[in-house]
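Here's the structure we're looking at; comments come further down.
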């Protein structure tokens with residue numbers, strides 16, 4: 001059974017070996033990035049300063065995790081041609097990488113033959129799955145997150161993410177189409 005509304009920062013702080021994030025949507029509309037996204041759409045400029053008020057909390061969490069030996073990876077499955085939102089994400093991914101995350105991109109058509117989870121999520125140490133739920137328009141759903149620790153579910157999700165990771169292209173080699 002899922003546990004209710006876990007705190008991401010606590011889960012990441014408790015990770016010992018790994019944290020991997022799967023992103024499946026071509027657009028998100030979450031409040032914490034609304035201003036930055038609007039600015040990018042208006043100017044074409046993306047905040048890529050790891051010390052900025054926008055990025056610093058994330059960078060600090062990632063650096064603290066990786067300093068204790070946690071390997072952080074993120075794989076994004078995207079439709080091509082990519083949406084404006086994916087262009088925005090791609091433009092800022094340099095900060096994720098600078099902070100210590102390994103990021104890969106997988107064009108959706110190249111995932112053919114793989115079983116994809118239907119929800120975004122984080123897998124911590126292969127033992128916990130933090131499922132992220134969004135509405136059709138990309139806003140946080142309710143509940144926004146559910147923590148699962150059922151071994152079979154976590155393993156199935158983690159195995160699917162690993163298969164996607166193996167096919168995906170490292171960030172520095174992925175060209176926006």
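Read the figures in this text as sums done on the coordinates, not as results from a lab. On a predicted model such as this, the values are computed, not experimentally measured, just so you know. Ideal geometry is used to build each Cβ from the backbone, glycine not excepted, and the neighbour counts take in all protein chains shown.
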Within the range 3-173, the percent of DSSP beta bridges that are antiparallel, given to the nearest 5, stands at 60
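Counting only helical runs of four or more DSSP H residues, what would the 222 nm mean residue ellipticity of the chain come to if each run contributes -39,500 (n - 2.57) and the total is spread over all its residues? Mind showing how you got there, number by number?
Values: 5 runs with 62 residues, N = 177.
Estimated from H runs of four or more residues: -11000 deg cm²/dmol.
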Residues 118, 59, 94, 75 in order from fewest to most other beta-carbon atoms within 10 Å are 118, 94, 59, 75
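Looking only at Cα atoms, what is the convex hull volume of the chain per residue, in Å³? List each step's numbers first, then the result.
On the way: hull volume 20.6 nm³, N = 177.
Convex hull volume per residue, Cα atoms: 116 Å³.
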P(r) of the range 10-76 over all Cα-Cα pairs, 5 Å bins starting at 0, rounded to whole percent, reads 4, 14, 18, 21, 22, 13, 6, 2, 0
Here, residue 135 and residue 162, labelled 7 Å along Cα→Cβ, have an inter-label distance in nm of 3.7
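Restricting to Cα pairs below 8 Å that are 6+ residues apart, what does the relative contact order work out to for the chain? Please round to a whole percent.
Details: 298 pairs, mean separation 55.6, N = 177.
Dividing the mean separation by the residue count of the chain yields 31 percent.
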Kirkwood Rh over alpha-carbon pairs of the range 96-177 plugged into Stokes-Einstein at 4 °C, 1.567 mPa s gives a D in µm²/s of 91
